[in-house]
1. Residues in the range 124-145: is at least one under 17 Å from Asn93 (Cβ atoms) and in contact with a Leu (Cβ under 8 Å, 6 or more places away or on another chain)?
2. Any chance the range 133-142 includes a residue that's modelled with pLDDT of 95 or more, surrounded by 13 or more Cβ atoms within 10 Å (Cβ to Cβ), in contact with an Asp or Glu (Cβ under 7 Å, 6 or more places away or on another chain) and not acidic (Asp, Glu)?
3. Of everything in the range 98-121, what is in contact with a helix residue (DSSP H, G or I) (Cβ under 7 Å, 6 or more places away or on another chain) and open to solvent by 10 Å² or more (accessible area, probe 1.4 Å)? Give them in sequence order.
4. So if I check each of Leu126, Leu175, Leu169, Leu130, which one is open to solvent by 50 Å² or more (accessible area, probe 1.4 Å) and aliphatic (A, V, I, L, M)?
5. Against the definition (modelled with pLDDT under 95 and charged (D, E, K, R)), how does Lys184 come out, yes or no?
6. Residues in the range 86-97 that are open to solvent by less than 50 Å² (accessible area, probe 1.4 Å), of a type outside the set (Val, Ile, Thr) and assigned to a loop (DSSP other than H, G, I, E, B): how many?
7. For Val86, state whether it is in contact with a strand residue (DSSP E or B) (Cβ under 9 Å, 6 or more places away or on another chain), at pLDDT 95 or above and farther than 16 Å from Thr166 by Cα.
8. For the range 142-178, what are the residues that are without any contact (Cβ under 8 Å) to a residue 40 or more places away in the chain and more than 20 Å from Val100 (Cα to Cα)?
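The values are calculated or read from the model by the stated rules, or taken from the named source; none is laboratory data. Model, not experiment: these values are computed from the prediction. When we count neighbours, we look across all protein chains shown, and the Cβ atoms used for this are built from the backbone with ideal geometry, even at glycine. Protein only, heavy atoms only, side chains kept; ligands, DNA and RNA dropped before computing areas. Shrake-Rupley method; radii C 1.70, N 1.55, O 1.52, S 1.80 Å.
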Amino acid sequence: MEISAVLVPGTASRRLHCPPSRPDHHHVRRSPLLLLRLDRKSPSFSTSSIRPHSGAVSAGVTRGTASWSEEEVVPSREENESPTSVPLEPIANEEQFNRVIAEVHRLELRVIILWLASWCRKCIYLKPKLERLAADYYPSIRFYSIDVNTVPQRLVNRAGVTKMPTIQLWKDSKLQNEVIAGYKAWMAVDDIRKMIENEE
């Protein structure tokens, strides 16, 4: 490559020589075929690949524009679904016992009372199964529990309880029937269910 320069007047013009540029070994010329292949490998974006998230907000894409809309959060459990277990409400004294019996009599309902003791192992095994049974009759029949060690002895004598666990059915302020569950818990639950069905 040759470059000429003009100097100021009064001086002779000089011709500058520039050595030819060396080829750049780092520069790689890509053929059209290679460029075409690279274009084919380049990732492409498509609006059809956008899918709404399963959360509370979803995105809808129309002609390249995104529009956002809120979705109602559906509860995992319906509000009107029946419970699978109903805890037994404890009765702590004789006054509460009288109120419960009077209330179910006024409402013309029935009540199941589990008489138990903290030292009774069969009572411990039976109680959760009885709570699941209570869910089958909720809310038409109310289920309660009484610990014989925490109430006056006269209340235990009044109910005629001599063994634990004892499950009693009360209706119209009177004791209707009972099951003394001194055997397998699942067998006792079947007998309690039969007692309830027979008293309808």
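1. Yes, that holds for at least one residue.
2. Checked against the condition, which is being modelled with pLDDT of 95 or more, surrounded by 13 or more Cβ atoms within 10 Å (Cβ to Cβ), in contact with an Asp or Glu (Cβ under 7 Å, 6 or more places away or on another chain) and not acidic (Asp, Glu), the range 133-142 yields no hits at all.
3. Arg110, Leu116
4. The unique qualifying residue is Leu175.
5. Here the answer is yes, as Lys184 does meet what is asked.
6. 1
7. Yes.
8. Within the range 142-178, Thr162, Lys163 qualify.
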